[in-house]
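The values are calculated or read from the model by the stated rules, or taken from the named source; none is laboratory data. Being a predicted model, the structure only gives us computed values, none of them experimental. No Cβ is skipped: glycine too gets one built from the backbone with ideal geometry, and neighbour counts run over all protein chains shown.
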Amino acid sequence: MGTPTCTIILPTYKEAGNIGNMAERLRELYPEFYILIMDDNSDDGSKELIEEMNDSMITFVERDPADRGLSASILQGILDTKTDFFINMDSDFQHPPEAVADAYAALKNGADLCIGIREERTALSFVRWVASWGAHALAMTTLWLRDKKGSKDIMSGFFGGRTELYQNVIREYSDEMDHRGFKALFDLLKFGPSDVRIDEVMFKFGKREAGESKINKNVMISILGQCEPFGKPLAKIAKKFTVDRKRT
Ligand SMILES: Nc1nc2c(ncn2[C@@H]2O[C@H](COP(=O)(O)OP(=O)(O)OP(=O)(O)O)[C@@H](O)[C@H]2O)c(=O)[nH]1
Ligand SMILES: [Mg+2]
C-alpha cells in the first residue's frame, strides 16, 4: 500500500449505535483511507467500541469539552488531516459509505471541493424540508453577495476537499466562522476563494440507522446567523422567541 491520500472525517456525538458499523464498513470499502473520528466526549461506549477494533488506520479524537460543536469538530478534523484530501460525512448512515468513492474520484480528478447532493430528501420531515430550502435560499443570496460560488446543496454534511486549500481558509477565517452550528460547508464556501472548482455528486439520502438526531431549533437559528445581510440580527430576535429544551 502506498501513502494514503484521503482521510474520512466522522464527527460524532453519542453514536455508539452506529459508529462501530460505520467504521467497519468504511474500512472494508476503503482500506487505503485514514478514518478520523471527531468525538465530543460522547461517554456512551463509542470510544471503547473503536478501541476494540485496534485498527491503526482509525484515530479516535476526544475533543475539548469546552469546544463542543459539530462545525468545530469538522473544522478541527480538516486541520488535523495529514492527507491530500479529506471527506467529511455523518456517522449515522444518512450518507451512504459507498458514495465516498464518487467524492474521492472528483477530488482526484482536480476538484477543489466536492459536494454530496441529497437526491431524495424523503428522510426529512415536511418542516425540516421547508426549513432546509429556506436556509438554502438565504445561503445562496449570501454567497452571491460575496461573489462566491454556490451549490445545489449548501446545507449538505457530505463534502470533501483539497486539504491544504481549506486548512488555509480555516486558519485565516476561523474567528468569523460559526463553530457551534451544523453547517461547516456553508462557511467553507463563504470564506473560501471565489475561483474554486466545485464538483457535485448525487447520493441517496437515507434515514439514520440508530440513535437520535442532535439537530434542534438552536441549530436552525445558527444557520440564519451565518446568512447576510440581515442574518445576525434576525437570529438574535429568533433566539429571544425560542426556548429549546432538547439540546443536552
Ligand atoms: N462532534 C460532534 N458531532 C456531532 C454533534 N452533533 C451532531 N454530531 C454528529 O454530526 C452528524 C449529524 O448529526 P445528526 O444529529 O444526524 O444531524 P442531522 O443528520 O442533520 O439530523 P437528522 O436528519 O435528524 O439525523 C452525526 O454524525 C452526529 O453524531 C456535536 O455536537 N459534536
Ligand atoms: Mg443524521
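Observations on the structure shown:
- Filter result for the condition that a residue is within 14 Å of ligand 1 (Cβ to nearest atom) and either out of contact with any helix residue (DSSP H, G or I) (no Cβ under 7 Å at 6 or more places or on another chain) or of a type in the set (D, E, K, R) (or both), over Lys232, Lys217, Lys190, Lys239: Lys217
- Of all residues in segment 187-232, those that are under 21 Å from Cys114 (Cα atoms) and among the acidic types (Asp, Glu) total 4.
- Tally, over segment 199-222, of residues that are closer than 20 Å to Asp90 by Cβ, more than 16 Å from ligand 2 (Cβ to nearest atom) and hydrophobic (A, V, I, L, M, F, W, C): 2
- Hey, Met57 surrounded by 16 or more Cβ atoms within 10 Å (Cβ to Cβ) and within 14 Å of ligand 1 (Cβ to nearest atom) or not: no
- Inter-residue pairs, beta-carbon under 7 Å, first more than 11 Å from ligand 1 (Cβ to nearest atom) and in segment 120-135, second at pLDDT 75 or above and aromatic (Phe, Trp, Tyr), 6+ apart: Glu120/Phe205
- Scanning segment 91-111 for residues that are part of a loop (DSSP other than H, G, I, E, B), touching a helix residue (DSSP H, G or I) at 6+ places or on another chain (Cβ under 9 Å) and surrounded by fewer than 21 Cβ atoms within 10 Å (Cβ to Cβ) returns a single hit, Phe93.
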